[in-house]
Each structure stands twice: as C-alpha cells, then as structure tokens.
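The values are calculated or read from the model by the stated rules, or taken from the named source; none is laboratory data. Computed from a predicted model, the values in this text were never measured in an experiment. Cβ placement follows ideal geometry from the backbone for every residue including glycine, while neighbour counts extend to all protein chains displayed. What goes into the accessible areas is simple: the full protein's heavy atoms, side chains included, and nothing from ligands, DNA or RNA. Shrake-Rupley method; radii C 1.70, N 1.55, O 1.52, S 1.80 Å.
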Amino acid sequence: MNELMVDHEHEDDDPNIDDEDGRDALVETILKLAVKVRSRHDVRLFLGDGTEPLDHPASLRGHPLWLLAEFLCVLIVLDEAQSVGTREVYRLSGRVPLAVPFVRDTQRRFLWIQHSMRGRQSGFLWRPDLVITEDGQPPSAENVLEIVECKHRRKLDSATIRSEFAKGFDLEAPAYLIWSYFEVSQRVRDGADGLGLRLRTIGLAGPERARLRNPDELASRIATAMRETREATPLAAALVRGASTAADKADRERRQR
C-alpha cells in the first residue's frame, strides 16, 4: 500500500518575509473586492467561524503574504461569477469546510479552499490552496478543473516547480496556476512553462510595483492570469503531448523487436 502523504508546502515559506508596502496594496485590493462581492452577490467572508469578518485592515493583520494572495484569488473568482450559491464563507484563514458554489459562463462550478485531494497515480494526499471542480463532490482527479497555488518564497526554485508538476500530474488538473509574490528567474519561468504550469508573479515586488498599488490594476492582473490559464488548460495540453511522444517511442521500440 502506498504511504499516504499530505503536502505542507507553505511550511517551508519564511514567515518573517514581509513587504509592508506590498502588504498594504494587497489589503486595499482585498477589501475593495470584498465590498464588491458583498454588494453584488450578498456574500460575506469570515476568517473564523462567524467571527473576524473580512471587512477591515485590522482583520488581515499578521497573515502571511501568500495567504493574502490566496484571499485575493478567492475574491476574484467570486467577483467574476454570475451568481454565488452561498451567503457566508467561514474559516477563510484555514480550511473552508464547504465548497463555495458559483456560476461562471452559465456553468455551475465549485470552489474549494485548502481541501485535501488524493492523487490518482500515487494515492498520496495533496492539499492545494484553491481548487475549482465541475461538481459538488469532494475535489478529486475525477472532477478537478483548476488549481491555484500561492507562494511567497524569496527564491522560488526548480525543485518547487518539479514538486508542483508532480502534484498537478497526480491530480490530473487541466489548468494549474502558481502565483509567486517575489520575482522569479527566467530559467524557472521557462521550466514551469515547459511543464505546462503557469507561473506568474503578483508584481508588487517587481518593476510594476507603482502601477499595481492601484487596486483596480492589481485585481485586473490577477483576474487576467486566472482567466488565461483556465482557457488554455496548459497542463492538460503538456500531459497529452508527453503521453503522445512516449506512446510513439514505445510503438517504434515494439516494431523494432
């Protein structure tokens, strides 16, 4: 029997890494989107069990940058939805116990936050930050459509990308987006692209920092990358290419025997 494993990737992130100006920009954007989501869909978000409503800068004090980025991605999903099938979302700062149903492009979808998933190939348990599924069953390789991961490592390296690819392969996610708070080397970006992962930077730690301090600009950047990744399904395309190439080689080898 395979040994079960739950991946705790954020344990390696340095909790002392911070960026006060970037944090302020994230918080401002999060709160602006939270107001929009509440106004448009009558949805309120809570960091705890009906406590700590996400409606004031103080409620976000002390949370790591990767978690703020995760909050922002959640709000982008809800803001762009045609409708949302719940009025309150609890425990946003940890594992949200229930899926958040929503409609996008007339299709009913489900957002899961910090839920474990079992890999089809390995039997390992993984815990992506955000998962969007096509039905309300617990997230699995059967129903996953998108995975979003948020990182704030000062140096995001190829080992991390290889680990994320293994997770995406095992969970059979068609679209896999990784957000890095800090800038990433071109070599690592190219490697991620080659594996079918979309690796994007938040931008607040790079040359576009001044522009992205505007909440509308920052929200647009996040929304655009999430939409493009979803539409391109790059991981699915990469896996199909790889499987086709491997099958062709195997066929040639068999014919030569």
Of the heavy-atom accessible surface of the chain (probe 1.4 angstrom), what whole percent is carbon and sulfur? 48 percent
Residue 61 versus residue 17, label points 7 Å from Cα toward the beta carbon: distance in nm? 2.5 nm
How long is the gain from residue 35 to residue 120 if the chain were fully straight, where each residue apart is worth 0.36 nm and the alpha carbon distance is subtracted? 26.7 nm
If I model a spin label at residue 231 and residue 214 as a point 7 Å from the Cα along the Cα→Cβ vector, what separation in nanometres do I get? 2.2 nm
For the chain, with a Gaussian network of springs between Cα atoms less than 10 Å apart, report the residue from 47, 145, 197 with the top mean-square fluctuation. 47
Cα gyration tensor of the chain diagonalised, 5x eigenvalues square-rooted, in angstrom largest first, produces semi-axes 32, 21, 17
Kirkwood-based Rg/Rh on the Cα set of region 14-134 evaluates to 0.98
Put 157, 105 in order of accessible area, largest first, probe 1.4 Å, and you get 105, 157
Over the chain, relative contact order from alpha-carbon pairs under 8 Å, at least 6 apart, %: 16 percent
Where nothing but the Cβ of Lys and Arg (+1) and of Asp and Glu (-1) is charged, how large is the charge dipole of region 59-99 around its Cα centre, in debye to the nearest 20? 220 debye
With every protein chain left in place, what is the accessible area per residue of the chain in square angstrom, probe 1.4 Å? 48 Å²
How big is the dipole moment of the chain about its Cα centre under a simple scheme where the beta carbon of each Lys and Arg is +1, that of each Asp and Glu is -1, and everything else is neutral? Debye, nearest 20, please. 680 debye
Neighbours of residue 144 by Cβ distance under 14 Å: Lys/Arg at +1, Asp/Glu at -1, summed charge -2
Principal-axis tilt of helix 65-80 within the chain, Cα atoms, nearest 10 degrees: 90 degrees
Charges on Cβ only, +1 for Lys and Arg, -1 for Asp and Glu, centred on the Cα centroid of region 44-131; of 68, 101, 116, which one is farthest towards the dipole's positive end? 116
Taking a probe of 1.4 angstrom, what is the accessible area of residue 184 in Å², to the nearest 10? 20 Å²
